[in-house]
2 protein chains.
Amino acid sequence: MGEEREIIAVNVELGCDERCEDCERFFECESEKKWEIYHRRRMALARERLKNIRWKIAVASGKGGVGKSTVTANLAIGFALKGYKVGVLDHDFDGASIPTLLGTRGKRLTLGENGINPVKGLKDIAIVSTGLLPQGEEVLTWFHDMRRNATEEFLADVNWGKLDILLIDLPPGTSSDAVNLLQYIPDLDTVVVVTVPSELSQNVARKSILLARKAGAHVAGIVENMSGAICPHCKNVVDFLQKGGGEKIARELGVPLLERIPMEVEVSKASDEGIPVVFKYPESEAAKRYMDLVEKLEEILKKGAA
Amino acid sequence: MGEEREIIAVNVELGCDERCEDCERFFECESEKKWEIYHRRRMALARERLKNIRWKIAVASGKGGVGKSTVTANLAIGFALKGYKVGVLDHDFDGASIPTLLGTRGKRLTLGENGINPVKGLKDIAIVSTGLLPQGEEVLTWFHDMRRNATEEFLADVNWGKLDILLIDLPPGTSSDAVNLLQYIPDLDTVVVVTVPSELSQNVARKSILLARKAGAHVAGIVENMSGAICPHCKNVVDFLQKGGGEKIARELGVPLLERIPMEVEVSKASDEGIPVVFKYPESEAAKRYMDLVEKLEEILKKGAA
C-alpha cells in the first residue's frame, strides 16, 4: 500500500508529462487521468485511420442468434459484387463467426509496420476479428478484461487502407458497452438492426434501436431475418418463428422495415461452407432479397445518412 | 483526492471492524478488502438460502438465440407436470424472456420480510428475473454495472423457500463472467448445454462446455434445439440449420447428446402466448421430446450427478 502511493507520487506529483502511451510506468500508475489521456489519443488515432473509409455501417441486434453475422457477411459480399472495396470489423467476442462465414479458415492477423493487417477473405474483403487471433483454451476468458478497450484497439491499430465500406458486426447485447462502442466509431454513417419475426425478440430489438439513438447514430432500418421458411419439398412458406414482429417494431419506432430474409436450406449450407448465400446461390430467394437490401442501403448512403 | 485519503484513514486505519454490510461508509470506503469481505458474507447467505433446494440445474449456451430460455421454460413446466416444485432464476440481462415464456406478464417482484419474493408463473413456478424489475428507458444500461454482483444479489436475497428443482437460465456468452457465475452457485448439480445443429454454432458450444468444466461443474449433456423443422404442410423434416452439429460436439468432448428438439410451428406460437409447448401442445413432437429430456435429467439427478 505504502509503495503504491510512492509510485503515484513519482509519476504524477513529481513530473507527469501526460504522454501516457510512452510512459514506462503506465501499468503501475494509479492516476485516473491516464485512461482519459490514453483514450483521447487513441481516438484521435482511430479518427485518422478511419478517414480513408468512405462509409461505415454498424450491424446490431439486441440478442444473439438472429443471424446478425450472416447478414453482415452477405452485405459484405453484396457490396463487393457491386464493385465496392469492403472491410468487415467483427466485434463479436463470444461467437466470432465472420472468419468462417467469409472463408478465411486457417488465416491469422499479422502485425505490419503500419499496424495490424486485416486478413483478406472472399472477394478481397478485409477482415479483422477476434476469431483471427491465436486460439486455445487460455484465450477463452482473456478477452473479457479488454472488451472495453478492444474497440479502441481495433479502431486505432488496424491498417484498413482505403475502403469504400466498413461493416461493423457489433456484439449482441444492450449493455452500456454497446452504447460506448457506437460512440467510439468516428463518423458512423448508419446502423442496421437485425431481428427475427417472433414477438419475444422485439423487446431486445427495441432496446437496440433506442440505444443507437441514445448514442446519436442514424438508424437505416430493420432487417427481419428467418422471416418465413421455404420448404424445399412442397415450396410452402412456413412461419416457424411467427410473423410480423419486424413490421410491428418498425411502425412503433418510426424506422423502415428494409427487408425480410427468408429461411432457406441454402442459407446455412452456404454459411457452413464459408461462402455466403448471396455468392454461392445467387438464384435463391434469400440471395435476391440480400441484393435488394444492398441497393437500398447504397441509396441511403449516397443520400448521406448521418 | 485529499478528502478520499482521509476517508480511507478513518475507515481502515482508525478502526475497521470488517462488518462491511452494516458500514455506513461502504460506498466511500476505498479498501480493497471490503469487496472480499462483502462477497464472503453474501456467499454464506446464498448457501444458507439455497440449502432448501434439492437440485440445481444450470442451462447454458455459448451464444444467444439458440432457444436456451425456451428449453429452460419447457424443462420447468415438464418437471412441474411430474409433480416437482420448481423455481427458475433467469440470468439473461439482455433478453430476459422467461417471464413472457412462463406467463407472468404484468407481475413484478416484491420485497418481503425475508428478502425478494419470486413471482409465481404457470404451474406455480417461482420466477426471479431482471425482466420482472420495473421497466423503462433508464434501466436499459443500468444493469451493466451490477452484472458482476447481480448473481450474488439474486442468490443471497431471494426467498425461494423449499423447492425440488431450481433451473438457472445462464446469460449467453463465454466470458469470465460466465465462469464466475457457475462458481457462485452453491452445490450446483449439473449443467445442460443448448446448441443448434449448424457447424458455426459448435465453437461456442464447445467453449461453453470447457468453461463449465473449468468451473468444476458436472455437465449432463447437450440439447440440440431447432434440430430439423417439421413442415406442417407436407410433414417432411427440413434441416434448415444443417445437421449433426450436436452429435459431433458430444462425441468430441465425451458428453451425451441428451435430446434433439425439432423446430415446429407450435413451439414459437406457444412461446409467444406465454404457455410453453410442453403444456400447450402436449401431442406435438417437440413436447414429447421435452418430456423425454425431463425423464433423462430426473434419472441423472436421482443418481447424484455432481
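The values are calculated or read from the model by the stated rules, or taken from the named source; none is laboratory data. Since we're looking at a predicted model, the values are computed, not measured. Positions of Cβ are backbone-derived with ideal geometry, glycine not excepted, and every protein chain shown enters the neighbour counts. Only protein heavy atoms, including side chains, enter the accessible area calculation; ligands, DNA and RNA are left aside. Shrake-Rupley method; radii C 1.70, N 1.55, O 1.52, S 1.80 Å.
Residues whose amide H falls under 5 Å from that of A:Asp239, counting only those 5 or more places apart or on a different chain, are A:Ala229, with hydrogens built in the peptide plane. When the chymotrypsin sites (Phe, Trp or Tyr not before Pro) in segment A:26-124 are filtered for DSSP coil states and for at most 11 other beta-carbon atoms within 10 Å of their beta-carbon, the remaining sites are A:Phe27.
When B:Met43 is represented by a point 7 angstrom out along its Cα-to-C-beta vector, the spacings to that point in the other copies are 3.8 nm, nearest first. For segment A:188-209, a drop of 50 Å² or more in accessible area on going from the chain alone to the assembled protein chains (1.4 Å probe) is found at A:Glu199, A:Leu200, A:Lys207. Atom-type composition of the exposed protein surface of segment A:36-305 places 47 percent of the accessible area on carbon and sulfur (1.4 angstrom probe).
Pairs A:Lys107/B:Lys63; B:Lys85/B:Lys107; A:Lys33/B:Lys207: which exceed 26 Å Cα-Cα? From the list (A:Lys107/B:Lys63; B:Lys85/B:Lys107; A:Lys33/B:Lys207), the Cα-Cα distance tops 26 Å for A:Lys33/B:Lys207.
Derived scalar couplings between HN and Hα for segment A:257-271 equal 8, 5, 6, 10, 9, x, 7, 9, 4, 4, 5, 6, 4, 4, 4 Hz in order, rounded to whole Hz, by the Karplus curve 6.51 cos²θ - 1.76 cosθ + 1.60 (θ = phi - 60°), x for Gly and Pro.
When peptides A:41-53, B:259-271 are ranked by their average number of other Cβ atoms within 10 Å per residue, the highest-first order is B:259-271, A:41-53. What net charge is computed for the residues neighbouring B:Leu301, neighbours being all others with C-beta under 13 Å from the C-beta of B:Leu301, Lys and Arg scored +1, Asp and Glu -1? Surrounding charge for B:Leu301 is 0. Within segment A:167-306, antiparallel bridges make up roughly 20 percent of the DSSP beta bridges whose residues both belong there.
Remark: label point of B:Lys288 defined 7 Å out from Cα along the Cα-Cβ vector; separations to the same position in other copies 3.7 nm, ascending. Rounded to the nearest Hz, the phi-derived 3J(HN,Hα) couplings of segment A:119-128 under the Karplus curve 6.51 cos²θ - 1.76 cosθ + 1.60 (θ = phi - 60°) are 7, 9, x, 3, 6, 6, 6, 7, 10, 10, where x marks glycine and proline. Annotation: for a label point projected 7 angstrom from Cα along Cα→Cβ of B:Glu298, residues of segment B:74-111 with backbone N closer than 11 Å are B:78-84.
For the pair segment B:171-233 / segment B:259-299, the C-alpha centres are spaced 19 Å from each other. For A:Asp92, the accessible surface of its heavy atoms amounts to roughly 20 Å² (probe 1.4 Å, protein chains only, rounded to the nearest 10).
In sequence order, segment A:66-83 has phi-based couplings of 8, x, 4, 5, 4, 4, 4, 4, 6, 5, 4, 5, x, 5, 5, 5, 8, x Hz under the Karplus curve 6.51 cos²θ - 1.76 cosθ + 1.60, θ = phi - 60°, and Gly or Pro positions carry x.
Amide H contacts for B:Val88 (H built 1.01 Å from N in the peptide plane; partners 5 or more residues away or on another chain; cut-off under 5 Å): B:Ala126, B:Ile127, B:Val128, B:Leu167. Note on segment B:231-286: lysine pairs with Cα distance below 24 Å, sequence gap of 8 or more or different chains, count 5.
Interface B-A: total buried accessible area of about 4400 Å², 1.4 Å probe, protein heavy atoms only. Computed over protein heavy atoms with a 1.4 Å probe, the accessible surface of segment B:36-305 works out to 39 Å² per residue.
Label-to-label distance for B:Glu247 and A:Asn180 is 4.4 nm, based on points extended 7 Å past Cα in the beta-carbon direction. Placing a label point 7 Å from Cα along the Cα-to-Cβ axis, A:Gly83 is separated from the same position in the other copies by 7.4 nm, shortest listed first. For the rotational copy relationship between B and A, the axis lies nearest to a chain B beta carbon, identified with its distance in whole angstrom as B:Gly65, 1.
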